[in-house]
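A quick write-up on the structure given underneath.
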Amino acid sequence: MAVKDNQPDWNRIAGKFDLWLPQLAPVGKALLSALEARPGERVLDLASGTGEPALTLARRMNGSVEVVGVDSAAGMVRAAQAKVERERLPRVSFHCMPAERLTLADETFDRALCRFGVMLFGDPLVGLKEMRRVLKPGGRFALAVWSTPETMTTMWWACQVFKDRLPEEKHPAIDKVTSLGGRGVLEEILGAAGFSAFTVERRTIHYEFASFDAFWDRVEASEILKAQFDALPPEERAKIRDEVAPFARDLVHDGLLRIPHEYLLAAGNK
Ligand SMILES: C[S@@+](CC[C@H](N)C(=O)[O-])C[C@H]1O[C@@H](n2cnc3c(N)ncnc32)[C@H](O)[C@@H]1O
């Protein structure tokens, strides 16, 4: 059965996605460490969004690797490319391209990475096969996908408060977002895509905020739940913040809200 796909309109929210980059940075760090890119190599970042982790790698390697980012949302690609131009970063470029149909030649990349993209592809298996096709023999990949619904904590909270107010097709996209997070699912799809030498690890990051209000302000400012808010009458919208707040209560310690999120980090070679 196809997984329900009501992910955010990435084009629309491209200008606000950077609000989440600080929370996702530890995953980028882990991916780049697993990727082990070396000077002289070509690196592909799939579903590169507003440019991460590609830009962190490009800044770090200072022109000694060539970095190519691709994303299917033109708005995201424009946001990433604007950073390249603003910072005059050498040998990094972003292109609008669906992961399932890469207009890139076979076996031309030494490394490929993808942070929180694969599970969102219309066809994750085809996207992974494409990633494998463009990797050179022995080429290395590192990718991250979200784990199970209950451990994608902030989205799980949102689901609890929206689910009885909205028809199912308007619920937050948690099914799609966690579609590769179940036990053995990522291993199976990587195997089906032709990879045999890889590891998959479950890891936890914490989104950190000074308070619940700081967190919820970020949710609203980023418009990540815009489709859900837009579908509610104004008097219902006003209740959402207060209904999510109790979920966070036990996670505040020493004046800091730390919200755990589990993800899977897969890394291996072609
Ligand atoms: C959660 S964002 C992650 C962006 C970036 N990798 C990061 O971690 O900051 C997911 C991205 O996947 C992209 N995406 C979704 N489906 C895609 C597809 N079929 N091909 C390429 N990109 C896709 C979206 O446009 C969006 O930019």
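Taking the listed residues 164, 175, the one that is touching a residue at least 12 places away in the same chain (Cβ under 8 Å), out of contact with any Gly (no Cβ under 8 Å at 6 or more places or on another chain) and not in a strand (DSSP E or B) is 175, with no other qualifying.
Here is a yes/no grid of residues against (1) in contact with an Asp or Glu (Cβ under 6 Å, 6 or more places away or on another chain); (2) touching a residue at least 60 places away in the same chain (Cβ under 8 Å):
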position: 11; (1), (2): no, yes
position: 14; (1), (2): no, yes
position: 28; (1), (2): yes, yes
position: 67; (1), (2): no, no
position: 77; (1), (2): yes, no
position: 81; (1), (2): no, no
position: 107; (1), (2): no, no
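Of 74, 82, 47, all but one fail to be crowded, with 16+ Cβ neighbours inside 10 Å and at pLDDT 95 or above; the exception is 47.
Taking the criterion of being out of contact with any strand residue (DSSP E or B) (no Cβ under 8 Å at 6 or more places or on another chain) and within 11 Å of the ligand (Cβ to nearest atom), the only residue of region 23-36 that qualifies is 25.
Taken over region 96-113, the residue count meeting the criterion of being touching a helix residue (DSSP H, G or I) at 6+ places or on another chain (Cβ under 7 Å), in a strand (DSSP E or B) and of a type outside the set (Lys, Arg) is 4.
The residue that is surrounded by the most Cβ atoms within 10 Å (Cβ to Cβ), among those in region 138-147 that are closer than 24 Å to residue 52 by Cβ and more than 16 Å from the ligand (Cβ to nearest atom), is 140. Applying the selection to region 99-123, what residues are within 15 Å of the chain's Cα centre (by Cα) and buried (at least 16 other Cβ atoms within 10 Å of the Cβ)? Listed by number, the residues that qualify are 99, 112, 113, 114, 115, 116, 117, 118, 119, 120, 121.
Selection of region 37-95 for residues being in a loop (DSSP other than H, G, I, E, B), near the ligand (Cβ under 10 Å from one of its atoms) and hydrophobic (A, V, I, L, M, F, W, C) yields 47, 73. For beta carbons closer than 6 Å, sequence separation of 6+ or different chains, a first residue in region 131-159 that is free of Cβ contacts under 8 Å to residues at least 60 places away in the same chain and a second that is surrounded by 19 or more Cβ atoms within 10 Å (Cβ to Cβ) and not in a helix (DSSP H, G or I), the qualifying pairs are 149/178; 155/172; 159/172. Applying a threshold of 7 Å to beta carbon distances and a minimum spacing of six or more residues, or different chains, the list of pairs starting in region 32-50 at a residue that is in contact (Cβ under 8 Å) with a residue 24 or more places away in the chain and ending at one that is among the aromatic types (Phe, Trp, Tyr) and buried (at least 20 other Cβ atoms within 10 Å of the Cβ) reads 42/109; 43/109; 44/109; 48/94; 49/17; 50/17.
How many of the residues in region 122-143 are in contact with a Leu (Cβ under 8 Å, 6 or more places away or on another chain) and either part of a helix (DSSP H, G or I) or closer than 22 Å to residue 9 by Cβ (or both)? Within region 122-143, residues that are in contact with a Leu (Cβ under 8 Å, 6 or more places away or on another chain) and either part of a helix (DSSP H, G or I) or closer than 22 Å to residue 9 by Cβ (or both) number 7.
The values are calculated or read from the model by the stated rules, or taken from the named source; none is laboratory data. Remember, it's a predicted structure, so these values are computed and weren't measured experimentally. All Cβ positions, glycine included, derive from the backbone under ideal geometry; neighbour counts span all protein chains shown.
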